[in-house]
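See below for the structure under consideration.
Every read-out reported here was derived from the displayed coordinates using simple, explicitly stated rules and does not represent laboratory data. Quick caveat: nothing in here was measured; it's all calculated off a predicted structure. Every residue, glycine among them, receives a Cβ derived from its backbone with ideal geometry; neighbour counts consider all protein chains shown.
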4 protein chains.
Amino acid sequence: MRKLKVGMIGGGGGFFGKVHHRAISLDATREVVAGALHQDPALCEKFAGEWGVAGYPDYQAMIADWKAGNLELDYVTIVTPNFLHAEQAVACLEAGLPVMCEKPMCYTLKEATDLKALAKRKKNVPFALSHTYTGHQMMMLARELIKQGKIGDIRKIETYYNQGWLATLLEKEGNQQASWRTNPKMSGISGCGGDIGTHALINALWTTGLGLKKVSAKLTALKGRALDDDFNVFGELSNGATLVLTATQIAIGHKNDNGFRIYGSKGSIEWAQEQAEELHFLDGATRVTYYQNSFVAETPDIVKSYGRIPSGHHEDFLEALGNLHTSLERKIRVIKGEKDVPPAYDHPGIDEGVLGMKFLTAAVNSSKKKGAWTAV
Amino acid sequence: MRKLKVGMIGGGGGFFGKVHHRAISLDATREVVAGALHQDPALCEKFAGEWGVAGYPDYQAMIADWKAGNLELDYVTIVTPNFLHAEQAVACLEAGLPVMCEKPMCYTLKEATDLKALAKRKKNVPFALSHTYTGHQMMMLARELIKQGKIGDIRKIETYYNQGWLATLLEKEGNQQASWRTNPKMSGISGCGGDIGTHALINALWTTGLGLKKVSAKLTALKGRALDDDFNVFGELSNGATLVLTATQIAIGHKNDNGFRIYGSKGSIEWAQEQAEELHFLDGATRVTYYQNSFVAETPDIVKSYGRIPSGHHEDFLEALGNLHTSLERKIRVIKGEKDVPPAYDHPGIDEGVLGMKFLTAAVNSSKKKGAWTAV
Amino acid sequence: MRKLKVGMIGGGGGFFGKVHHRAISLDATREVVAGALHQDPALCEKFAGEWGVAGYPDYQAMIADWKAGNLELDYVTIVTPNFLHAEQAVACLEAGLPVMCEKPMCYTLKEATDLKALAKRKKNVPFALSHTYTGHQMMMLARELIKQGKIGDIRKIETYYNQGWLATLLEKEGNQQASWRTNPKMSGISGCGGDIGTHALINALWTTGLGLKKVSAKLTALKGRALDDDFNVFGELSNGATLVLTATQIAIGHKNDNGFRIYGSKGSIEWAQEQAEELHFLDGATRVTYYQNSFVAETPDIVKSYGRIPSGHHEDFLEALGNLHTSLERKIRVIKGEKDVPPAYDHPGIDEGVLGMKFLTAAVNSSKKKGAWTAV
Amino acid sequence: MRKLKVGMIGGGGGFFGKVHHRAISLDATREVVAGALHQDPALCEKFAGEWGVAGYPDYQAMIADWKAGNLELDYVTIVTPNFLHAEQAVACLEAGLPVMCEKPMCYTLKEATDLKALAKRKKNVPFALSHTYTGHQMMMLARELIKQGKIGDIRKIETYYNQGWLATLLEKEGNQQASWRTNPKMSGISGCGGDIGTHALINALWTTGLGLKKVSAKLTALKGRALDDDFNVFGELSNGATLVLTATQIAIGHKNDNGFRIYGSKGSIEWAQEQAEELHFLDGATRVTYYQNSFVAETPDIVKSYGRIPSGHHEDFLEALGNLHTSLERKIRVIKGEKDVPPAYDHPGIDEGVLGMKFLTAAVNSSKKKGAWTAV
C-alpha cells in the first residue's frame, strides 16, 4: 500500500508541528514529504533538514511545485498561527488539495463563512479541522451511544477545559507559546476561549449532535494580559437544554483537564480526556465503565476499525489526532479509487469551524455586555 | 463526664431527624432526651417511643417543661421543613437555649435578618447552622492552608453539588422528600438552590473567608415542577475573583457529588465530598494528597482534636455532622464552666444563614431578569 | 424502644475501646453503661468517669453485679489485648452474657477450640467476633452476589492488607500500640498476621464461603523486632482455587489498604476498604460499580436494612463496626422476645475465630519450614 | 536528518508486528523498509505489499541483501514466536546488525547464555530487549528517584500483571494469540510466566537495580491447558528484601493491569501501567503524584529528552515502545558518528534476557517441587 504524501504549512518552530508530524507518521500509512515549515527561509531550511523533508520558502511555492508535477502530495496540514489559516486553506482548496487545518479555523467570522462557501464548491476536496479530542475512540462511542438513545433526551451538558500554565504572565518572559496565544493580532478576539474553549464546545456539540442558540458569558484576564484567560459560558442548546462551559488557563496544577458530563432523561454519559480510554454510563443505581478497544457489544464496527492495540494499553493524544488523519486518509483513498478502504468516521470540518467562530464572537460580545444573552 | 442533653424539634418523619440523632449520639457525650418530633401528636408519641425519648406535642411544651425544671436540656436541634425554622429558632434563643438549626436557616430573607438581630442580643446562646460539609476535617484543613497563604491570592472558585434523584417528577408519585422540596410553600423561592446550592456556596465562602458581591444566574426546572431543579450561577467574589457555582438534581447517577476547586496565584486546593477524607494541593508540577487523621505537619492541633479513628478508616458524613455538634458542645461546656474543654473550631451560624438567604434571593431574581448581574 | 445496655472489658487505655464505644452509641439503640475499662483500678475509675459509665475494678465484679441484679446488661464487649480474650469470653458465656469479642479471638489454638466447645453448649448466648470489615454493606452485597452465582466458580482470590505504621521500630520509642502488637507475650505467635492478616483471610473466606486447606508462607520482620511485620501466604482453598494473601506493616504511606479481588469463571468481584462504599463487578467488557445505599436491584432487603444515610454520603468504618453490633443487637432482641425486629445478617463468630487461629499456626509453621505447604 | 532503516523478522501475522511498526514510525526518524514478515512466502509478499516494504522469503535473504549492499538497514526488529528468537538474533549479531528483540529473549536458558557470550564479543552491535514498560518515562523517573535514595533501602517489592483474556480455553476455539502462547513447543516452559510474568519481574528489577537470589512458586492452569495461566512467586532479592510477584491471565475484566509497589525505609514508590503517566511517592503523611512531562525538579534531562507532548496529554504504550527504539536509535547514531545525538537512556538487553530465562526455569522447578525455594 502506497503511503499518502503530506505537505505541512507552518509547524517548524512551535511544538504542534512535530505533534502532527508524529500523528501522521504513527500508522506508517502516511508520511510528511514537504513543508513550508517556517516564514524565515533559513529556519525553514533548517527544520526541513531535521525532518528529512523537502523545504519550501512559502506555501505557494510548495503548491506550485505540486501542480507542476515536481512533488507528490495527497493532502496538506496547516499548523500556522490562527490569523494565517484562512488564506492558506483557501489556497489549498482552490488548488484541489485536501486539508487538515488546525483550530480555530480562522481569525474572523467573515473568513470562516467565506471558507465555507468555497468548500461548498469544492465538494470533492475533503477538509478536516483538527479538534483532536473528537478523534478519541471513546468519544466516538459516546456519540454512538447517544444516537442509540441510551441516555434519552439531553437536559444539561457540562463541558470543561482547565489548564494552569498561564497562571503567570509567561508572555512577558519570552515564552513563545504564551506570546502568540495572548496576542490579539495573532489569536483573534479570544485567548482562552479560542485556544481551549472551542475544544470544550465542539467536543460537546459534536458528540450530541446539538446546536447552540445563545450564550451568556463571563470572561476575565489577569491584570496585564490582553486576552481572556478565564472563560465561562452559560448556553441554551438547540433543544432547549442548558450548557455550562468552563475553560481556564489559570487553574494551577491542571494540565489538559478536559471533558464533559452529559445528563439525559434516562442516564448520563461522562468522559474526561486525562483518562481518555474510559467512558462512563450512569443510571440511577450503577456506573458502567467501558474501555477503549474492549469487547463492548454496543461499539459499532466503524469505531472498532480505529483501534490499534489491545485494551489496557491506552491509545491517547497522538493516536486520537492520528485518527483524524486516518479519517481524512480514508476519504482520500476512496476518492483516488482504492479498494477495500474501511469507511471513514465523521470528523469536525468547515461547519464546526464556522460554529467555533460564531461562538467566540457571541461569547466575547456577551461578556462585554455584562453577560447579556447573545444569539450565536 | 456528663452527657449533654438534646431536645429535637421535628425529625420524626423524615430521614434527617434520625441522621441528627446518630450524629448527636455518635460520640457518646451527647444524647437526645426529648423531642417534639412530629406535628401530629400521635405520630410524635410513636416516634418518641421508638427513639426512647420524652415526646412533646409541640416545641413550646418542651421548652416550657425545660423552663419549669422538669426537663434537662443543653441545646435544641431543629429539623423541620424550612418554613418553620425561624419561629422555632427565635423561641429557643429567646428562652436561652442554644440551637443547632438545619439549613436553609429561614424561609424568607426578612426572617433571617430578624433572627440575626436577635442572636446579636443573645451573645451567650450559641447558634449553629448545620452546613454539614463544613464539619469535615479536610475542609477545616483546606481553610487553614488557605489562611496560611498556601495558594496565594484566590482567583477563581468552582463549587458544585450534583444529584440525580429528581430526574423524574417524584413529587407526583408521593415521594415525601421530593414533595416538600419542590413545594414553594414549604421550601421557599428556590428548590435545588435552597436544598443544595447553598451548600456549594457556604462550602466555598466558609473555606476561603471571601464574600460574594453579585451574581448572574440561570435556573431551570423540568416541565411540571414548581421550583428550580438545575441552578447555575456566576458570581463576583469580594476580592474580585470569579465564582462558578453549579448545582443540579437531574444529573442521573450522581448521588452527593459535591466539592470545590479553588485556584490561587500560587497553587490550587481541591476537595470532593464523595472522597471526603482526601484533600489535594496542586502546584505546577505535582499533586499532593493529604489524608484525614494522617500526620500532616500543616494540620493545626484544633483540627486534629476532631479525629476519631486512624487514617485510612474514613470518618464521613455522620462524623462531619457530629463535628458540628461537637463544636456546639464544646462551646456549651465552656459556658457551663467545665474545665479542660478543647477549643471549638469555627462553624457556620447566623451570618452564613443570612448570606444563604441573600444569595438565593439574588440568584432567583437574576434568573428571572435573564441573568442580569444582581447584587447579593 | 429500650436501649440495649452494654458492659465493656478493657478499652480504657487503647484507642479501640473508644471506637467500640462510638460504634455502640452511633445508632442510639445501644449504650455502654458499665466497664472494667482498665486493669489499674485508679485508671479504670478515671476512664469510667470520663465515659460516664459505672466503673468496675475487674470484669468478674461487673458480671457479679449483673448476676446480683444490681446492673442491667444485655451484652459485653471485650477489647483487651489478645492473651486475655479467652478467659473473659469464657466467663461471659458461662454467665449467659452475649459477647462481642475483638479479634484474634484467642492467644492459642487450644483456647479457641475450648471456647468453641463451650459456645456449642451455650447456643442461646450469641457470640460475635469483631471482624469489622465484614460489617460493610458492600461486603454483604459481594457475599450475596457470589451466592447468586454472579461470578461463577471461584478460581483465585487475592486478599491484602497493607499498612506502613511499623516501618520504624516504634516499639522501642514507647508507642503503646506498637509495643503490645510486637510483643509475643501479649499478641501470640504472629504480629502482622494476627493483627491484620486474619482480617484479610476472614474477609475473603466469609465473603466466598470457601475454606482453606493448606498454606505456604513467607514471614519476615525488621531487624530487632520479635514478631513478623510482613506476612505473605499462598493457600489452597477448599475448592482447589488459589489464595494469595499479603499483609504488611512496613509499606510506608499505606494506612488501612485492605481489600480483595475474587476471580471467578464468569466475572470478578473487587472491593477495597479505603473506598468501602463501592463494589466492582467486572466482566470481560465493562466494569460495573455498585454504590452503598443505592437502588441496586440485586441488593437483598436484609442488606438494605443496615443502611443509614443516602448513597453518596458514605457509611464507613464506625458504621461497619456498628453493623456488627446491630446484628448482635437484633439477635438479642429476638431472644428477649421483642417484636418486629429486622432479621440479623450473618457475622463472624466462633468458627471464624478458630479458623483464624489455625491459619496463623499453619502460616507461622510453614514459614519456619521454608515455605513447606502446611495443612490448616 | 536521515531516517534509520529497519528490517523486521516476523510480525506479519500477529498483532505485535504492527505495534512495532507503529512504534518505529511514530517519531518519523525511523522507518521499516524491509521484512521477512512471514514464514509463508505468499503471506510475506502480501504483508510486505500492505506495509509498503521490501518482502523477503526468509531473514537470511534479507541479511544477505544487506551484506551485498542491495538494501540499507540500520537495525532489525525480531517479532517471531519465542522459539525462533535465538537463531535469528545470533544471525543478526554475527552479521553486525543491531537488534531489537521481543521477549522472552529465547526458548531455553542455554540459548540465552550462548547469546550472551556472543553479544560480549560483539560489543559494538547494540542489542535491546523490548520490555516495553521500561520505556515509560515514569518508570525511568522511578528508577532515578530510587537511585537518588528517595525511598531509602528497599524492603519489599510487590510487582504484578493481571489479565483476564485466557479465562476460557480460547486456544480450543482457534484464537491464534491464545494458541501459540499456551503451546509449550512455541512458548517454552511457561505460559503466563513467560508472557507477562517476566514483564512484572524485569519492571521491578530494572527499576530498582536489585537481583533475585531464589524463588518459591505456585503455578496453576485451567483444566485442559498445557501451560500455566496463573503464576505466583515469592522471591528473595539480592539485598535480602522480599519479592511478591503475581501474574495471571484468568482475572476476568483485567486488561493489562501491570505495575509495582516498592517499599523502602524512607518511603514508597508506586506505578501502574494503566495510568502510566502518573508516578506516586508516599511518605507517612502524604502521597505526591508526579506527572509525565511535567516540570518536576527531580526529573533528569535525559528522561525529559524522551518527552513528546505536554503533560496531561498522555504518552502511553506505543510511545513507551517507541522510547526503546529511540534508545537503540541514539546508540546507533552515535556509533555511526552523528553529532549532537542526545544520550540514550538505559534499556533492558541481554542480561535481562538471561535473567528472565533463569527466573522462569527456577519458578517452574519450584512449583513442581511444591514451592521449594529454588536458586535463580
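Among D:28, D:178, D:36, which one moves the most in a GNM of chain D with springs linking Cα atoms closer than 10 Å? It is D:28. Close amide-amide hydrogen proximity is noted between residue D:155 and D:263, D:264, D:265, each under 5 Å apart and 5 or more residues distant or on a separate chain (H modeled in the peptide plane; Pro and chain starts excluded).
Each label point was placed 7 Å from the Cα along the Cα-to-Cβ direction; for residue D:365 and residue B:214 their separation is 8.2 nm. For residue A:295 and residue A:70, the difference between the fully extended length at 0.36 nm per residue and the C-alpha to C-alpha distance is 76.3 nm.
Kindly give Rg over Rh for the range B:23-145, based on alpha-carbon atoms, with the Kirkwood expression for the hydrodynamic radius.
Details: Rg = 15.5 Å, Rh = 15.7 Å.
Rg/Rh for the range B:23-145 comes to 0.99.
In this rough spin-label picture, where each label sits 7 Å from Cα along the Cβ direction, the residue C:239-residue B:94 distance is 6.8 nm. Say we join alpha carbon atoms closer than 10 Å with springs in a Gaussian network model of chain C; which of C:25, C:216, C:238 then has the biggest fluctuation? Comparing C:25, C:216, C:238 in the GNM, the peak value goes to C:238.
Work out the length of the dipole vector of chain B about its Cα centre, built from +1 on the beta-carbon of each Lys and Arg and -1 on the beta-carbon of each Asp and Glu, and round it to the nearest 20 debye.
Details: 43 positive and 41 negative charges, 210 e Å.
My answer is approximately 1000 debye.
About its Cα centre, what dipole magnitude does the protein assembly as shown give when the only charges are +1 on Lys and Arg Cβ and -1 on Asp and Glu Cβ, stated in debye to the nearest 20?
Working: 172 positive and 164 negative charges, 1 e Å.
Here the size comes out at about 0 debye.
Cβ crowding within 10 Å ranks A:16, A:317 as A:16, A:317, fewest other Cβ atoms first.
Roughly how compact is the range B:155-293, stated as its Cα Rg over 2.2 N^0.38 Å to two decimals?
1.14
For chain B, modelled as a GNM whose springs connect Cα atoms under 10 angstrom apart, the maximal fluctuation among B:285, B:54, B:217 occurs at B:285. Karplus-based coupling profile of the range C:167-178, in residue order and whole Hz: 5, 10, 7, 4, 5, 7, 9, x, 5, 5, 4, 5, with θ = phi - 60° in 6.51 cos²θ - 1.76 cosθ + 1.60 and x standing for Gly or Pro.
Beta-bridge orientation, the range C:221-361: approximately 100 percent antiparallel, per DSSP, counting only bridges with both partners inside. Look at the dipole of chain C built from charges on Cβ: of C:239, C:221, C:9, the Cα furthest out on the positive end belongs to C:239.
Is the C-alpha gyration tensor of the range C:249-376 telling us rounded, prolate or oblate? Criteria: a/c under 1.5 is rounded; beyond that, a/b larger than b/c is prolate, otherwise oblate. Working shown, then result.
Working: a/c = 1.97, a/b = 1.27, b/c = 1.56.
Verdict is oblate for the range C:249-376.
Overall shape: oblate for the range A:100-178, with the ratio a/c of the largest to smallest alpha carbon gyration tensor axis at 1.5 or above and b/c at least equal to a/b.
Which order do B:44, A:192 fall in if you start with the one that has the fewest other Cβ atoms within 10 Å? Before the final figure, lay out each step's value.
On the way: B:44 21, A:192 27.
So the residues, fewest neighbours to most, are B:44, A:192.
Amide H to amide H distances under 5 Å link residue B:238 with B:211, B:212, B:213, where only residues 5 or more positions off or on other chains count and H is placed in the peptide plane.
Phi angles of the range B:133-144 translate, via the Karplus equation with coefficients 6.51, -1.76, 1.60 and θ = phi - 60°, into HN-Hα couplings of 4, 5, x, 5, 4, 6, 6, 4, 5, 4, 4, 5 Hz per residue; Gly and Pro are given as x. Here residue C:304 and residue B:179 are evaluated by their C-beta separation; at R0 = 25 Å the FRET efficiency comes out at 0.65. With Kirkwood's inverse mean 1/r over C-alpha pairs for Rh, give me the Rg to Rh ratio of chain C, two decimals please. Computed over Cα atoms, the ratio is 0.96.
Rg/Rh for the protein assembly as shown stands at 0.98; both radii use Cα atoms, and Rh follows the Kirkwood definition.
Scalar couplings 3J(HN,Hα) for the range B:205-213, obtained by applying the Karplus form with A = 6.51, B = -1.76, C = 1.60 to θ = phi - 60°, are 6, 5, 6, 9, x, 8, x, 10, 8 Hz; x denotes Gly and Pro. Candidates D:349, D:276, D:258 compared by Cα position along the dipole of chain D: farthest toward the positive end lies D:349, with charges placed on Cβ. With both residues required to sit in chain D, DSSP beta bridges show an antiparallel share near 60%. Less than 5 angstrom separates the built amide H of residue A:257 from those of A:162, all sequence-distant by 5 or more or on a different chain. Label separation (residue C:87 vs residue A:153): 7.4 nm, computed from points 7 Å beyond Cα along the C-beta direction.
When D:339, C:120 are arranged by Cβ crowding within 10 Å, least crowded first, meaning fewest neighbours, the order is D:339, C:120.
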